[in-house]
Amino acid sequence: MRTPARDGAPEGMSLVDPRVMDPDHELVVREHLSAQEIEETVAVLEAMSSWRERERSMSEQARRYMRLGETDMRALRFLIAAQRQGVVATPGSMAAHLGISPAAATKLVDRLEAGGHVRRIADTDDRRRTSIEVTESTRASARASVGRSHARRFDAVAGLSPDDRRAVIRFFDALLESSEWTVPDEGDHS
């Protein structure tokens, strides 16, 4: 009888390794790969998993620091980018960017405004129309937290050779193509 690991996976057991997760070769075809190619592939997947966890943690820390939810942070990033580009952001343009309804966008702006993160600006020609601006204090907080993290990521990518950057892009494009959720057959979830 196997005993479960107390603190995650047992040492040396990778949860992205098909030799661990698919020992019967039911899903991952790997007969054509050498042991070294499998090790290198698993190392890439482990690095991705580590990055995903770090990104999740950094995102959570930024949201806690700014006392905002995930959609709120996405809205602020959109609004800050629009302001920096000289584009007038409206509740409608924000709703379209976030993929939410106009009613949800109104509630979101209400919440951000109540928290002191944004202000509504009435259109001087049409008072029914409003634009949204991020407050200076929120812009400074976002710059100090999320902005610095993004700058370090940019530097990491900029430090790659042009060939390496193209390889990374091909890799992510291949991942995107392979990353569609498929609903298992009824009998497959036993």
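The values are calculated or read from the model by the stated rules, or taken from the named source; none is laboratory data. All of these numbers come straight from a predicted model, not from anything done at the bench. Here the Cβ positions follow ideal geometry from the backbone for every residue, glycine too, while neighbour counts run over all protein chains shown.
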Next on the checklist: Give me the helices (runs of 4 or more DSSP H) completely within segment 69-185, filtered to those with at least 1 residues that are under 19 Å from the mean Cα position of the chain (by Cα), on the phi > 0 side of the Ramachandran plot and surrounded by 11 or more Cβ atoms within 10 Å (Cβ to Cβ), ordered by residue number.
Outcome noted: none
Next on the checklist: For the list (1) of a type outside the set (Val, Ile, Thr); (2) modelled with pLDDT of 90 or more; (3) within 30 Å of Val44 (Cβ to Cβ), I need the number of the one condition that Leu79 fails.
Outcome noted: (3)
Checklist entry - Taking Arg139, is it assigned by TED's automatic domain parsing to the domain that holds Val88, basic (Lys, Arg) and within 16 Å of Gln83 (Cα to Cα)? => result yes
Item to check | Total residues in segment 17-32, condition touching a Ser or Thr at 6+ places or on another chain (Cβ under 8 Å) and at pLDDT 90 or above | outcome: 0
Checklist entry - If you take the residues of segment 24-47 that are polar (S, T, N, Q) and assigned to a helix (DSSP H, G or I), which of them is surrounded by the fewest Cβ atoms within 10 Å (Cβ to Cβ)? => result Gln36
